[in-house]
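For reference, the structure discussed in these notes is given below.
Here, each number is a calculation from the coordinates, and none is a lab measurement. Because the structure is a prediction, the values reported are computed rather than measured. As a convention, Cβ positions derive from the backbone with ideal geometry for all residues, glycine included, and neighbour counts pool all protein chains shown.
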Amino acid sequence: MLARFGADSNLALGWRDKRSQLVRFDALMDIANLNGCSVLEAGCGTGDMFSFLMNRYPAVKSYTGVDFIPEMIDEARERVTSPKATFWPVSFMSTVLPVADYVFASGSLNYANAEPGYIYNAISHLFKLSRCGLGFNLLKFVANEGLLAKYEPADIIAFCRSLSDRVVLKSDYDPEDFTVFVYRDS
């Protein structure tokens with residue numbers, strides 16, 4: 001997609017348009033005041049979340065973005081030169097990653113996977129990497145299933161409640177999408 005559409009296209013990252021990416025970032029940023037916190041983004045693409053994050057929370061301590069597509073990481077490293085940002089070309093499921101205060105997955109969990117229970121394994125794995133909480137978004141509607149998967153918010157929330165008593169669902173920002181926050185107990 002990156003080679004086909006170019007690094008500046010939202011289509012290279014699988015977003016319908018730039019607005020659909022930004023509205024999801026905005027929803028995720030409501031997880032907490034992130035100033036002074038470390039952030040890990042699973043499936044960071046070309047690093048677009050970093051500038052959005054820094055505009056909203058300029059005192060973020062550090063940001064680590066991971067993506068298994070090396071070309072995405074190369075582009076992210078070219079675009080983002082802040083000493084607060086680090087990018088790793090690895091899968092967020094198969095590599096030992098640093099623990100961060102907050103972990104985010106924006107769009108990266110929407111891709112269909114043949115592994116049974118993949119979504120639950122991914123959520124559990126990412127939650128283990130967080131000191132304070134995990135925020136992720138998923139699709140509740142997909143026009144053409146295949147590459148993308150849709151999820152029932154109630155099923156996802158029920159699973160997340162097996163990880164934590166503090167789970168928040170946000171579903172008022174886009175008719176096709178929902179965001180979940182899973183917090184560590186204080």
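Quick one: length gained pulling I69 to D165 fully straight, 0.36 nm per residue minus the C-alpha distance?
Working: separation 96, 0.36 × 96 = 34.56 nm, distance 3.44 nm.
That pair, I69 and D165, stretches by 31.1 nm at full extension.
For each of T95, T46, count neighbouring Cβ atoms within 10 Å of the residue's Cβ, then give the residues from fewest to most. Before the final figure, lay out the partial values.
Numbers: T95 11, T46 25.
Listing T95, T46 from fewest to most nearby Cβ atoms yields T95, T46.
Near the amide H of G107, under 5 Å away, which other amide H atoms are found, from residues 5 or more places off or on another chain, if H is placed in the peptide plane?
N137
Per the Kirkwood treatment, what hydrodynamic radius in Å, one decimal, follows for the chain from the mean inverse distance over all distinct Cα pairs?
Numbers: mean 1/r = 0.0606 Å⁻¹.
Final number for the Kirkwood radius of the chain is 16.5 Å.
Which percent, to the nearest 5, of DSSP beta bridges fully inside the range 17-183 are antiparallel?
Numbers: 13 of 30 bridges.
Looking only at bridges with both residues in the range 17-183, the antiparallel portion is about 45 percent.
Take each of the peptides 87-93, 170-176, average the number of other beta-carbon atoms within 10 Å over its residues, and list them starting from the highest. Walk me through the intermediate numbers first.
Numbers: 87-93: 18.1, 170-176: 13.6.
Ranking the peptides 87-93, 170-176 by packing returns 87-93, 170-176.
What number of lysine-lysine pairs in the chain show an alpha-carbon separation below 22 angstrom, given a sequence spacing of 8 or more or placement on distinct chains?
Close lysine pairs under the 22 Å cut-off: 9.
Give the residues of the range 109-123 whose amide nitrogen is closer than 11 Å to a point set 7 Å from the Cα of D155 in the direction of its Cβ.
Residues 117-120 qualify, since their backbone N sits under 11 Å from the label point.
Long-range amide H contacts for K140: which residues qualify at under 5 Å (H placed 1.01 Å from N, peptide plane, sequence gap of 5 or more or a different chain)?
Long-range HN contacts for K140: Y151, D177, F178.
Return the sequence-ordered ³J(HN,Hα) values of the range 36-46 in whole Hz as given by the Karplus equation 6.51 cos²θ - 1.76 cosθ + 1.60 applied to θ = phi - 60°, using x for Gly and Pro.
Residue by residue, the range 36-46 yields x, 9, 9, 10, 10, 10, 8, x, 7, x, 8 Hz.
Using unit Cβ charges (K, R positive; D, E negative) and no other charged atoms, how large, in debye to the nearest 20, is the dipole of the range 112-176 about its Cα centre?
Details: 7 positive and 8 negative charges, 71 e Å.
Here the range 112-176 has a charge dipole of around 340 debye.
Would you grab the residues whose amide H sits under 5 Å from the one on W88? Only those 5+ places off in sequence or on another chain, please, with H modelled 1.01 Å from N.
Correct list: G65, V66, D67.
Select from A149, M54, G117 the residue farthest towards the positive end of the dipole of the chain; place +1 on Cβ of Lys and Arg, -1 on Cβ of Asp and Glu, and compute about the Cα centre.
Farthest along the dipole direction, towards plus: M54.
So what is the relative contact order for the chain, in percent, with contacts set as C-alpha pairs under 8 Å and at least six apart?
On the way: 341 pairs, mean separation 34.1, N = 186.
Result for the chain is 18 percent.
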